[in-house]
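**Q** Have a look at the structure that comes next, please.
The values are calculated or read from the model by the stated rules, or taken from the named source; none is laboratory data. As the structure is a computational prediction, the values presented were derived from the model and not from experiment. Cβ sites come from the backbone with ideal geometry, for glycine too, and all protein chains shown count toward neighbours. For the accessible areas, the whole protein counts, side chains as well, though only heavy atoms, and no ligand, DNA or RNA atoms are used. Shrake-Rupley method; radii C 1.70, N 1.55, O 1.52, S 1.80 Å.
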Amino acid sequence: MTHSFKITVAPNGARRTKADHPTLPMITDEIAATAKACFNAGADGIHLHVRDDAGVHSLDAGRYRDAMAAIAQVVPQMDIQITTEAAGIYDASAQYQCLTQLIPKAASVSVREMARDINIAKCLYAFGAEAKVDVQYILYNADDIAQLAHWMEQGIVPPDMKSAIFVLGQYSPQILAQPGDLQSYLNASEMLDLDWTICAFGQNELACARAAMQAGGNLRIGFENNLHRPDGSLAKDNADLVTLTVNEGRALGLTPTSDLQKVS
């Protein structure tokens, strides 16, 4: 194996708070500091969630702009991907509005959530293509992949929009991800030629990352999905999990893309 792998840190997500882990970043300054620490540890991207004043998941464009500016100030080299996750709060129109107001370089969009309103889905994917937003499909299972394949056949999603994330395990009710979960995604998406990344719920995150790296994929690591080291102990912080993953990849003879950027 000689390929490289990209690590994106997902430091907070839509649901967890400091009650889950005291270093989980919730406000802008904390998010920016976490981004810098994780970049130094080997992550070259951040999957960004923001919260409102009560600490609740938000798709507010102003809050996103503030967080993106803060990250760019302390670590300008870091790629920023926003989420449009509904999290049981937002409808498809609000997700679309978030994307069109921000026009970010990259955004994750759940196929399952977009399927709630096919007309908005058509508008969102068309806008993403026109505005050159790197839209990443969030795929939770083989049914989501089948939906995506159907949309590709219908022309609802552009043929060159290939970025996807496979979600292994489940937050609630809790289902711990297993390395063997990956194969079903690879089988179901084989004909779609996706540029894929995984995230994995629970303390098997590193083992799942190893399986993904061995299969040629990229990784999303962090407290959105997992708070623990492989032995079950709490990770010190998000950067701790990034460091573990970088070291695992290097032990496999692979190179994190952050290393390649430093060389160039």
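**Q** What residue, of A86, A54, A69, is of a type outside the set (D, E, K, R) and in contact (Cβ under 8 Å) with a residue 12 or more places away in the chain?
**A** A86
**Q** Okay, moving on. Which of (1) open to solvent by 60 Å² or more (accessible area, probe 1.4 Å); (2) closer than 30 Å to K236 by Cβ; (3) modelled with pLDDT of 95 or more; (4) within 15 Å of the chain's Cα centre (by Cα) is the odd one out, the single condition D134 does not satisfy?
**A** If we test D134 against (1) open to solvent by 60 Å² or more (accessible area, probe 1.4 Å); (2) closer than 30 Å to K236 by Cβ; (3) modelled with pLDDT of 95 or more; (4) within 15 Å of the chain's Cα centre (by Cα), just (2) comes out false.
**Q** Collect the residues in the range 35-69 that are more than 23 Å from Q97 (Cα to Cα), open to solvent by less than 20 Å² (accessible area, probe 1.4 Å) and either out of contact with any Ser or Thr (no Cβ under 8 Å at 6 or more places or on another chain) or of a type in the set (D, E, K, R) (or both), keeping them in residue-number order.
**A** Of everything in the range 35-69, those that are more than 23 Å from Q97 (Cα to Cα), open to solvent by less than 20 Å² (accessible area, probe 1.4 Å) and either out of contact with any Ser or Thr (no Cβ under 8 Å at 6 or more places or on another chain) or of a type in the set (D, E, K, R) (or both) turn out to be A35, C38, D44.
**Q** With respect to G202, is the statement that it is within 17 Å of the chain's Cα centre (by Cα), in a loop (DSSP other than H, G, I, E, B) and within 25 Å of T34 (Cβ to Cβ) true?
**A** yes
**Q** Restricted to the range 1-11, and to residues that are of a type in the set (V, I, T) and closer than 18 Å to L227 by Cα, which residue is surrounded by the most Cβ atoms within 10 Å (Cβ to Cβ)? Lay out the reasoning, then the answer.
**A** The first filter runs over the range 1-11 and keeps only residues of a type in the set (V, I, T), leaving 2, 7-9.
Subset that is closer than 18 Å to L227 by Cα: 7-9.
Details: I7: 27, T8: 27, V9: 30.
So the residue we want is V9.
**Q** Which of the residues spanning the range 144-165 are modelled with pLDDT of 95 or more, assigned to a loop (DSSP other than H, G, I, E, B) and surrounded by 14 or more Cβ atoms within 10 Å (Cβ to Cβ)? Walk me through it before giving the result.
**A** Of the range 144-165, the ones modelled with pLDDT of 95 or more are 144-157, 161-165.
From what is left, the residues that are assigned to a loop (DSSP other than H, G, I, E, B) are 155-157, 161-162.
Selection gives I156, V157, M161, K162.
**Q** While we're here: Could you list, in sequence order, all residues of the range 70-112 that are small (G, A, S) and open to solvent by 60 Å² or more (accessible area, probe 1.4 Å)?
**A** G88
**Q** Checking the structure you have, find out if any residue of the range 227-235 is open to solvent by 20 Å² or more (accessible area, probe 1.4 Å), among the hydroxyl-bearing types (S, T, Y) and assigned to a strand (DSSP E or B).
**A** Looking through the range 227-235, none of the residues is open to solvent by 20 Å² or more (accessible area, probe 1.4 Å), among the hydroxyl-bearing types (S, T, Y) and assigned to a strand (DSSP E or B).
**Q** Please go through the range 166-191 and pick out each residue that is among the hydrophobic types (A, V, I, L, M, F, W, C) and open to solvent by less than 20 Å² (accessible area, probe 1.4 Å). Working first, answer last.
**A** Residues of the range 166-191 that are among the hydrophobic types (A, V, I, L, M, F, W, C), as a first pass: 166-168, 175-177, 182, 186, 188, 191.
Passing the criteria: F166, V167, L168, A177, L182.
**Q** Any idea how many residues of the range 12-33 are open to solvent by less than 20 Å² (accessible area, probe 1.4 Å) and either β-branched (V, I, T) or within 23 Å of L260 (Cβ to Cβ) (or both)?
**A** 1
**Q** List the pairs whose first member sits in the range 90-102 and is among the small types (G, A, S), whose second member is surrounded by fewer than 17 Cβ atoms within 10 Å (Cβ to Cβ), and whose Cβ atoms are under 6 Å apart, counting only residues at least 6 apart or on separate chains?
**A** A92/R116; A92/D117
**Q** Another question, then. Suppose we filter the range 236-264 for residues that are of a type in the set (A, V, I, L, M), modelled with pLDDT of 95 or more, part of a helix (DSSP H, G or I) and surrounded by fewer than 22 Cβ atoms within 10 Å (Cβ to Cβ); how many remain?
**A** So the count comes out to 2.
**Q** Identify all residues within the range 147-163 that are hydrophobic (A, V, I, L, M, F, W, C) and farther than 15 Å from I118 by Cα; write none if there are none. Write out each step before concluding.
**A** Filtering the range 147-163 down to residues hydrophobic (A, V, I, L, M, F, W, C) leaves 148-149, 151-152, 156-157, 161.
Answer for the range 147-163, where residues must be hydrophobic (A, V, I, L, M, F, W, C) and farther than 15 Å from I118 by Cα: just M161.
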